[in-house]
Ligand SMILES: [Zn+2]
């Protein structure tokens, strides 16, 4: 079995975060790299993706990936698309269709309103936080009948304020649009300016009326169980998956 982070969801919803353990990729992508855009062998990536599908009890073609571009486009899907949509968030009402967000430091955001029967996965790095990709995903969920006050949201492993060093000017720019991005002090462990993307998103979600926001896992730059672009540059991607039970 693959080791997975399994946060708790309301009945009818499932969602997990993968780690880097359990796949077939060789260094520097070892082991469970799910990214097909990072230089790893594509057949190995396919085998890794199939292993994740098996581990969660779905057919490999029921995993929907996206071509993530650090934007705020949201793709509403009702079945496996021909090609991965160019988007940074996916929304579906289809059952047994897992939405996949790939990351290595950016925040994988999983959202669900089981009463409306709608789930979403979003990719929120610094640009996504600044552009409001999660709010954009919630708007599409609302078009599908979801309500912010009924949402359960999990923010997966990502680089923390402890490690995400940015220039002072960039820190100011992020805070201008996402006031929650800087905890008191706003410094890395080394004492340099930093931003905390998960804190930014948690504050934004609370402001949008979402009562139930959880953090799963810790800082990817610190925890070698996860891929970290900041730590390793050439590396793999782990993933968050969310789906409505069939
Ligand atoms: Zn850290």
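The values are calculated or read from the model by the stated rules, or taken from the named source; none is laboratory data. All values derive from a computational prediction rather than experimental measurement. For neighbour counting, all protein chains shown are included, and Cβ atoms are generated from backbone atoms with ideal geometry for every residue, glycine included.
When residue 231 is tested against (1) assigned to a loop (DSSP other than H, G, I, E, B); (2) over 30 Å from residue 61 (Cβ atoms); (3) within 16 Å of the ligand (Cβ to nearest atom), just one condition goes unmet, and that condition is (1).
Residue pairs whose Cβ atoms lie under 7 Å apart, sitting 6 or more positions apart in sequence or on different chains, and linking a residue in the range 154-175 that is without any contact (Cβ under 8 Å) to a residue 60 or more places away in the chain and over 17 Å from residue 191 (Cβ atoms) to a partner that is assigned to a loop (DSSP other than H, G, I, E, B) and away from the ligand (no atom under 14 Å from the Cβ), are 175/182. Look at residue 208 and say whether it is more than 16 Å from the ligand (Cβ to nearest atom) and closer than 19 Å to residue 135 by Cβ. Yes; evaluated as a whole, the condition is true for this residue. Taking the range 198-218 as the range and being under 16 Å from the mean Cα position of the chain (by Cα), surrounded by fewer than 22 Cβ atoms within 10 Å (Cβ to Cβ) and over 15 Å from residue 7 (Cβ atoms) as the test, only 199 passes. Would you say residue 172 is within 16 Å of the ligand (Cβ to nearest atom) and out of contact with any strand residue (DSSP E or B) (no Cβ under 8 Å at 6 or more places or on another chain)? The answer is no for residue 172. For the range 176-195, the candidate set comprises residues that are under 21 Å from the mean Cα position of the chain (by Cα) and at pLDDT 90 or above; within that set, the residue that is surrounded by the most Cβ atoms within 10 Å (Cβ to Cβ) is 181. Just to be sure, is residue 55 assigned to a helix (DSSP H, G or I) and either surrounded by fewer than 18 Cβ atoms within 10 Å (Cβ to Cβ) or over 18 Å from the mean Cα position of the chain (by Cα) (or both)? Spelling it out, residue 55 is indeed assigned to a helix (DSSP H, G or I) and either surrounded by fewer than 18 Cβ atoms within 10 Å (Cβ to Cβ) or over 18 Å from the mean Cα position of the chain (by Cα) (or both). Restricting attention to the range 179-205, and to residues there that are assigned to a helix (DSSP H, G or I), in contact with a helix residue (DSSP H, G or I) (Cβ under 8 Å, 6 or more places away or on another chain) and within 16 Å of the ligand (Cβ to nearest atom), which single residue is nearest to residue 124 (Cα to Cα)? Selected residue: 197. I need every pair where a residue in the range 181-193 that is in contact (Cβ under 8 Å) with a residue 12 or more places away in the chain and more than 13 Å from residue 160 (Cβ to Cβ) has its Cβ under 6 Å from the Cβ of a residue that is outside any loop (DSSP other than H, G, I, E, B) and within 14 Å of the ligand (Cβ to nearest atom), sequence separation at least 6 or different chains. If the second residue must be outside any loop (DSSP other than H, G, I, E, B) and within 14 Å of the ligand (Cβ to nearest atom), the pairs left are 192/165.
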